[in-house]
1. Please tell me if L99 is within 27 Å of A168 (Cβ to Cβ) and among the hydrophobic types (A, V, I, L, M, F, W, C).
2. If you check every pair at least six apart or on different chains, which have Cβ atoms under 9 Å apart with a residue in the stretch 130-150 that is touching a residue at least 60 places away in the same chain (Cβ under 8 Å) and assigned to a helix (DSSP H, G or I) first and a residue that is crowded, with 17+ Cβ neighbours inside 10 Å and hydroxyl-bearing (S, T, Y) second?
3. Residues being over 20 Å from the mean Cα position of the chain (by Cα) and crowded, with 16+ Cβ neighbours inside 10 Å: count how many of those fall in the stretch 123-144.
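Throughout, read-outs are computed from the coordinates displayed, never taken from laboratory work. Source: prediction; values computed, not measured. Every residue, glycine among them, receives a Cβ derived from its backbone with ideal geometry; neighbour counts consider all protein chains shown.
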Amino acid sequence: MQALIFILDTLLKLVVCAFLLRLLLPLVRADFRNPIGQAVLNFTSPLVMPLRKLLSPVARVDVASLAALLLVQLAGTAVLRLVAGLTLAPGPLLLHGLLDLAHTALQFYFLVVLAYVVLSWVAPGNYSPAGQLIGRLCEPLLRPFRRVIPPIAGLDFSAVFVLIALQALQILLR
């Protein structure tokens with residue numbers, strides 16, 4: 001049973017990350033013309049496009065993508081709770097769904113910042129669609145830390161402090 005729950009949880013997190021990307025990419029003004037952006041659009045559009053007819057964007061926030069993200073997370077949490085034999089009472093379902101979404105978002109950003117650091121070591125300055133996208137996603141997190149933490153001997157340690165902060169937030173949510 002534990003293996004089934006692990007597999008379902010992992011698949012759910014991958015799907016939630018796709019919808020999270022659908023929400024975040026316009027906010028960071030990322031280019032949807034690259035292969036990753038196209039894959040995210042193609043995967044999430046069947047749920048987002050019908051919602052877009054009902055929910056219009058507010059400023060730069062795509063409310064339809066946000067609603068789709070929440071729906072997918074709550075549906076996945078309900079499935080996991082059913083498989084685990086837990087109750088589907090609305091209160092616990094909503095609470096666990098939102099906490100799971102927060103954990104997934106923090107894990108997502110931890111991995112994105114880690115990928116940013118590795119790419120900066122392996123291929124600094126080289127263009128790649130993934131590198132450009134990762135840079136766009138990381139910049140809003142790194143910018144405030146860069147204002148406070150100056151480069152030391154030409155090395156930017158702001159990403160290390162972002163990773164520490166993300167881990168601390170995950171610990172606080174447990």
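1. Taking the combined requirement at face value, the residue satisfies it.
2. Pairs that qualify, where the first residue is touching a residue at least 60 places away in the same chain (Cβ under 8 Å) and assigned to a helix (DSSP H, G or I) and the partner is crowded, with 17+ Cβ neighbours inside 10 Å and hydroxyl-bearing (S, T, Y), are L137/Y109; L137/Y116.
3. Of the residues in that region, 0 qualify.
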